[in-house]
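To start, the structure itself, in structure tokens.
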Amino acid sequence: MRGVSLRYPGAAGAAVAEVSFEVPGGSLTALIGPSGCGKTTVLHLAAGLLAPGEGDVVIGGRTVTALPAEMRPVGMVFQSNALFPHLTATQNIEFALQASGHAADAARARAVAALQNAGLSAIAGARPAELSGGQQQRVALARALVLAPSVLLLDEPLSSVDAVLRRSLLDELRALQRQRDLTVVYVTHDHLEALALSDQIVLLNAGRVEQAGSPRALYERPATAFVASFMGEAGIFPGVRRGGGAVWVGPLQLPELFEGAPGAVRVAVRPEAWRLGPATASGLAGSVVKRCYLGKAVEYVVKTGLGLVLVTSRGPLMLLELGAPVSLHLGAHGASVLEA
Ligand SMILES: Nc1ncnc2c1ncn2[C@@H]1O[C@H](COP(=O)(O)OP(=O)(O)O)[C@@H](O)[C@H]1O
Ligand SMILES: [Mg+2]
């Protein structure tokens, strides 16, 4: 996407504005952001279902902005799978092949093979209504893949699938993507899905790219408070940067250096970055005001001079009582300076 903008007819503002990002061939990019931020619009622009007011769509080095959808080397799987309800799984795939110019008997054979490859032979004769949500999306994916698109666009394909099955379908999708070297754009509003699945994350906010980069970069080095909070829980605290990139939050120095002009900064701290211990002279003093036992971790809210701090405590679980005086320190990772 090169500087792509789109305003829907009659809308007051742009749905997406000056969106630029690149999806390297053979990799998986997660396009994420809150509901209404423009994810589906960007996918539709890539697929040619919408034409941008400004900017260009380039696929494999070729500008395709003026190319109609059916001419683009793109496959798409929608949120609701859009299988034809009166056709069986095999017939759905057969139909897609015939629509793209394959002869009837060849289409039949390839459809059968496609379902077999996807491990779906057992449901080849079933109609969508006889299939679970997960099975329907598997068929929709097999249908998109059988046309061997250069780019596969997936718009929240697993949002109607329950959490356990979603996890295994995600693993399947990732394995398939790696095995066949597919170029995939995967839309989701779920940052955990994006972190687990992708090579690159593009985070949209109100139609604009807020930050793009590796999953680690977005989680560990968020540029803005929006990114820090969207990618997981984060407390945002006022801090000060001194010479050499040393940054302080209250009485604590961040373990890592963050180069930049000295002065006031904002610091994002993940709940798991805090080390919680009995009250000592050093550290950030506080007292426990809330405790939530989660099994593999305990969440505390600690009242400090910097305000309320959310702390996730793992490891050997020593339960602290409400009102207990504590000291907070920072672990090696999980605190970063916001650029804006
Ligand atoms: N067909 C449409 N006509 C007018 N506005 C639309 C249309 N589709 C989406 N929008 C608006 O464009 C913005 C982006 O929508 P969309 O791309 O669907 O977001 P997302 O997929 O991230 O939830 C939203 O404000 C939405 O209301
Ligand atoms: Mg959408």
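Grab the DSSP H runs of the chain that are 4 residues or longer, score each as -39,500 (n - 2.57), total them, divide by all residues and round the 222 nm result to the nearest 500 deg cm²/dmol.
Helix-only estimate at 222 nm: -7500 deg cm²/dmol.
Enumerate the amide H contacts of Asn205 below 5 Å, restricted to partners 5 or more residues apart or on another chain; note that Pro and chain-start residues carry no placed amide H.
Glu210
Could you tell me which of Cys292, Gly244, Ser35 has its Cα farthest along the dipole of the chain towards the positive end, charges placed at Cβ (Lys, Arg +1; Asp, Glu -1), taken about the Cα centre?
Going by the Cα projections, it comes out as Cys292.
Can you tell me the equivalent ellipsoid semi-axes for region 108-267? Use √(5λ) from the Cα gyration tensor, largest first, whole Å.
So the three semi-axes of region 108-267 are 44, 15, 12 Å.
For region 233-337, what are Rg and Dmax over the alpha carbons, in angstrom?
Rg then Dmax for region 233-337, in Å: 13.7, 43.
If only Cα atoms are counted, what is the Rg of the chain, and what is its Dmax, in Å?
24.3, 80
Please identify, among Tyr300, Tyr186, Tyr219, the residue showing maximal mean-square fluctuation in a Gaussian network model of the chain using a 10 angstrom Cα cutoff.
Looking only at Tyr300, Tyr186, Tyr219, the largest GNM fluctuation is found for Tyr300.
Taking a temperature of 37 °C and a viscosity of 0.692 mPa s, what whole-number D in µm²/s does Stokes-Einstein yield for region 1-115 with Rh from Kirkwood over alpha carbon pairs?
Diffusion coefficient, whole number: 202 µm²/s.
How far apart, in nm, are two points set 7 Å out from the Cα along the Cα-to-Cβ line at Ser27 and at Ile236?
Result for the modelled spin labels: 2.8 nm.
May I ask you to compute the full-extension gain from Lys296 to Asn205, defined as 0.36 nm times their residue separation minus their alpha-carbon distance, rounded to one decimal in nm?
Extra length from Lys296 to Asn205 when fully extended: 29.5 nm.
How would you order 132-144, 48-60 from highest to lowest mean count of nearby Cβ atoms within 10 Å?
The densest-packed peptide leads the list: 132-144, 48-60.
Distance in nm between label sites at Val58 and Leu257, each 7 Å beyond Cα in the beta-carbon direction?
For Val58 paired with Leu257, the spin-label model returns 3.7 nm.
Run the reach check for Lys290 against aspartates and glutamates, Cα to Cα strictly under 20 Å, same-chain hits fewer than 8 apart removed. What comes back?
By straight Cα distance, Lys290 reaches Glu233, Glu272, Glu299, Glu321.
Can you give me the Cα centroid spacing of region 239-264 and region 70-117 in angstrom?
The distance from the Cα centre of region 239-264 to that of region 70-117 comes to 57 Å.
Could you let me know the centre-to-centre spacing of region 270-340 and region 172-189, using Cα atoms, in angstrom?
37
Could you sort 266-273, 171-178 so that the peptide with the highest average Cβ count within 10 Å comes first and the rest follow in order?
266-273, 171-178
Hey, quick one: spin label on Ala104, modelled 7 Å out along Cα-Cβ, who in region 132-154 has an amide N within reach, i.e. under 13 Å?
none
Using the crude model of +1 on Lys and Arg Cβ and -1 on Asp and Glu Cβ, and no other charge, please compute the dipole size for the chain relative to its Cα centre, in debye to 20.
With only Lys, Arg, Asp and Glu charged at Cβ, the dipole is about 420 debye.
No lab work stands behind these numbers, since they all come straight from the coordinates. Note that this is a predicted model, so its numbers are computed, not measured. Positions of Cβ are backbone-derived with ideal geometry, glycine not excepted, and every protein chain shown enters the neighbour counts.
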